[in-house]
Amino acid sequence: MPDVRAALADRPLVLDGGLGTMLEARGHDLTGSLWSAGVLLDSPGDVRAVHAEFVAAGADVVTTASYQLGYDNLAAAGHDQAAVDALLAASVRLAREAAEGRAWVAASVGPFGAVRADGSEYTGAYGVSVADLTRWHRRRIQVLADAAPDLLALETIASPAEVEAVVAALEGVGVPAWIALSAASTAFDDAGYASALAVAAAAPEVIAVGANCCPPSLISTVLDRVPAGVAAVAYPNSGETWDAASRSWHGDAGATFADADAWMDAGARLIGGCCRTTPTDIAGLVHQLES
């Protein structure tokens with residue numbers, strides 16, 4: 001594959017969709033605290049197969065099943081640090097195998113709240129200092145970087161403090177990254193979004209900033225706050241709403257990518273889906289952008 005930075009300069013790239021959604025469709029129960037990380041442990045072949053479905057649908061980038069992999073939640077499940085390191089590396093290898101040279105691999109780095117599995121990625125209410133968050137993110141980021149993905153995908157970052165932390169944790173890793181804010185997080189007001197996006201965009205490793213894991217209607221608002229001249233990343237949910245208490249989705253899916261052309265006009269260069277979006281949705285997005 002050519003360098004992803006050069007590819008982005010040439011055309012928008014299509015991301016994949018809801019990995020967890022498709023694992024559920026294969027019969028896996030993701031209601032536990034490990035979410036898709038549990039499937040990575042028990043059924044890695046299904047993880048590889050879902051990646052391959054998105055590649056077949058036309059995705060230019062597949063995102064690894066490492067979003068909810070953390071040393072603390074896996075320690076509680078009986079796995080030591082070496083085992084977590086191996087699992088993080090395996091997530092990159094599986095995605096690379098599925099891509100078969102037809103797509104770039106982005107190693108997913110989820111927020112602190114994802115490992116808590118309590119919905120705090122929608123509040124940013126962690127009660128943890130920037131320094132502690134930086135240390136928490138750094139080892140996982142370094143292990144994923146050492147596994148040689150094409151990109152790091154820092155996703156659903158839930159507060160200005162966590163943006164500062166992941167920027168510091170990225171320093172010197174040598175892998176290009178995007179930082180996507182949790183556009184549904186209550187930790188950001190309008191000024192906070194603009195400031196956080198500017199902090200993220202200023203990091204040397206960062207090639208795009210934007211938003212994910214939110215209703216499609218919020219994407220344009222965030223893109224309006226991306227600093228001028230900076231590439232944007234946008235990958236919303238289907239439009240349904242996640243209830244962290246019951247660990248279930250409610251509402252109806254909408255036309256997730258109805259405004260994708262407008263997102264592209266606003267500077268989005270990485271566009272795809274997050275929760276509840278499928279390979280069929282991604283194939284439709286590919287067709288839409290090609291048209």
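The values are calculated or read from the model by the stated rules, or taken from the named source; none is laboratory data. None of these values were measured; they are calculated from a predicted model. No Cβ is skipped: glycine too gets one built from the backbone with ideal geometry, and neighbour counts run over all protein chains shown. In case anyone asks, the SASA skips ligands and DNA or RNA and just uses the protein heavy atoms, side chains included. Shrake-Rupley method; radii C 1.70, N 1.55, O 1.52, S 1.80 Å.
This table checks each residue for (1) part of a helix (DSSP H, G or I); (2) among the aromatic types (Phe, Trp, Tyr); (3) farther than 15 Å from residue 23 by Cα; (4) free of Cβ contacts under 8 Å to residues at least 60 places away in the same chain.
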| residue | (1), (2), (3), (4) |
| --- | --- |
| 62 | no, no, no, yes |
| 69 | no, no, yes, no |
| 82 | yes, no, yes, yes |
| 90 | yes, no, yes, yes |
| 95 | yes, no, no, yes |
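What is the residue count in the range 255-273 for residues that are surrounded by 20 or more Cβ atoms within 10 Å (Cβ to Cβ), more than 17 Å from residue 227 (Cα to Cα), out of contact with any Ser or Thr (no Cβ under 8 Å at 6 or more places or on another chain) and of a type outside the set (A, V, I, L, M)?
2
Can you confirm whether residue 88 is aliphatic (A, V, I, L, M) and surrounded by 24 or more Cβ atoms within 10 Å (Cβ to Cβ)?
Spelling it out, residue 88 is indeed aliphatic (A, V, I, L, M) and surrounded by 24 or more Cβ atoms within 10 Å (Cβ to Cβ).
Could you list, in sequence order, all residues of the range 164-176 that are touching a residue at least 40 places away in the same chain (Cβ under 8 Å) and surrounded by 24 or more Cβ atoms within 10 Å (Cβ to Cβ)?
166, the sole residue that qualifies.
Looking at the range 240-252, is at least one residue modelled with pLDDT of 95 or more, open to solvent by 50 Å² or more (accessible area, probe 1.4 Å) and at positive phi?
Scanning the range 240-252 turns up no residue that is modelled with pLDDT of 95 or more, open to solvent by 50 Å² or more (accessible area, probe 1.4 Å) and at positive phi.
What is the residue count in the range 1-18 for residues that are open to solvent by less than 20 Å² (accessible area, probe 1.4 Å), out of contact with any Asp or Glu (no Cβ under 8 Å at 6 or more places or on another chain) and not in a loop (DSSP other than H, G, I, E, B)?
Count: 1.
Does residue 30 meet the test of being on the phi < 0 side of the Ramachandran plot and either touching a residue at least 40 places away in the same chain (Cβ under 8 Å) or touching a Phe, Trp or Tyr at 6+ places or on another chain (Cβ under 8 Å) (or both)?
So residue 30 does not fit the description; no.
Does residue 29 fit the bill of being open to solvent by 40 Å² or more (accessible area, probe 1.4 Å) and either of a type in the set (D, E, K, R) or under 19 Å from residue 113 (Cβ atoms) (or both)?
The answer is yes for residue 29.
Among the residues of the range 1-24, count how many are over 19 Å from the mean Cα position of the chain (by Cα) and farther than 17 Å from residue 63 by Cβ.
Total meeting the criteria: 6.
I'd like the residue in the range 71-80 that is part of a helix (DSSP H, G or I) and among the aliphatic types (A, V, I, L, M) and, out of all such residues, is nearest to residue 49 (Cα to Cα).
Selected residue: 74.
Anything in the range 1-56 that is basic (Lys, Arg) and in contact with a helix residue (DSSP H, G or I) (Cβ under 8 Å, 6 or more places away or on another chain)? List them, or say none.
If the condition is that a residue be basic (Lys, Arg) and in contact with a helix residue (DSSP H, G or I) (Cβ under 8 Å, 6 or more places away or on another chain), then 26, 48 are the ones that fit.
Could you tell me which residue of the range 28-47 is modelled with the highest pLDDT, considering only residues that are of a type in the set (A, V, I, L, M) and within 17 Å of residue 88 (Cβ to Cβ)?
47
Quick one: count up the residues across the range 185-198 that are buried (at least 18 other Cβ atoms within 10 Å of the Cβ) and at pLDDT 95 or above.
2
Residues checked against (1) under 23 Å from residue 270 (Cα atoms); (2) modelled with pLDDT of 90 or more; (3) open to solvent by less than 30 Å² (accessible area, probe 1.4 Å):
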{"position": "116", "(1), (2), (3)": "no, no, no"}
{"position": "126", "(1), (2), (3)": "no, yes, yes"}
{"position": "130", "(1), (2), (3)": "no, yes, no"}
{"position": "146", "(1), (2), (3)": "no, yes, no"}
{"position": "162", "(1), (2), (3)": "yes, yes, yes"}
{"position": "183", "(1), (2), (3)": "yes, no, yes"}
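Could you list, in sequence order, the residues of the range 26-60 that are among the small types (Gly, Ala, Ser) and part of a helix (DSSP H, G or I)?
Matches in the range 26-60: 36, 37, 38, 45, 49, 52, 56, 57.
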